[in-house]
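Heads up, the thing below is written out as C-alpha cells.
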Amino acid sequence: MSDLEHDERPWGSYTVLEDSAGHKVKNISVHPGRRLSYQVHERRAEHWFVVAGEGVVTLDGAPVEVRRGSAVDIPIRTAHRVENTGSEPLVFIEVQHGDYFGEDDIVRLEDDFGRVS
C-alpha cells in the first residue's frame, strides 16, 4: 500500500485508494476539532460515506450531522465542508465523479488555515 498517494494536511490526511478516468476514491481522516475548507468544485460531484467518528457537514450553509454509517451527496458547485465535532478522528470514504479530479478544482470560500482562493 506504500504506492498509494497520501498527503498530510493541517486538518488531517487523505489517501487516494483509486484514481481512474471516471472517478477517484479517497479515505479522508479529520482530526478532532478540525474542519476542511468551505469549498466548491466546478467539475466534480462527491459522495461521502462516514466509517468512523462524528461531525457536521455544511451543504450550501445548511448543517447536517453525520456519524458512522451516514452518507452525504455533494452535487457539482455546492458549497461544502466537514467538521469533526467528536473526540476521535472522523473518517470517511469520498467518491468523486465527474470529468476532472485535480486539486486545482477546489475554490476555497473560507479556510481556517489561510488558503482562501
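Bear in mind that the values in this text are calculations on the coordinates, not laboratory data. Not measured: the values here are computed from a predicted model. Because the Cβ atoms are built from the backbone with ideal geometry, glycine has one as well, and the counts that use them run over all protein chains shown.
Once both labels are positioned 7 Å from their Cα atoms along Cα-to-Cβ, the gap between residue 47 and residue 97 label points is 0.5 nm. Within the chain, the longest segment free of exposed loop sites, counting trypsin sites (Lys or Arg not before Pro) that fall outside DSSP classes H, G, I, E and B and have at most 15 other Cβ atoms within 10 Å, spans 1-42.
Neighbour counting of Cβ atoms within 10 Å sorts the residues 49, 113, fewest neighbours leading, into 113, 49.
Rounded to the nearest 20 debye, the dipole magnitude of the chain is 260 debye, with +1 charges on Lys and Arg beta carbons, -1 on Asp and Glu beta carbons, and the Cα centre as origin.
Excluding the site residues themselves, the longest part of the chain lacking any GluC sites (Glu not before Pro) in a DSSP loop with at most 14 other Cβ atoms within 10 Å is 43-117. Straightening the chain between residue 60 and residue 25 buys 10.3 nm, computed as 0.36 nm per residue apart minus the Cα-Cα spacing.
Can you put 38, 100 in order of Cβ neighbours within 10 angstrom, beginning with the fewest?
Ordered from fewest to most neighbouring Cβ atoms within 10 Å, 38, 100 come out as 100, 38.
Size check on segment 31-87: the Cα extents along the three principal axes, sorted descending, read 33, 20, 18 Å.
Cα centroids of segment 76-117 and segment 23-46: 3 Å apart. Neighbour counts of C-beta atoms inside 10 Å place 37, 70, 20 in the sequence 20, 70, 37, starting with the fewest. Size descriptors for segment 6-110 (Cα atoms only): Rg and Dmax, in that order, 12.6, 36 Å.
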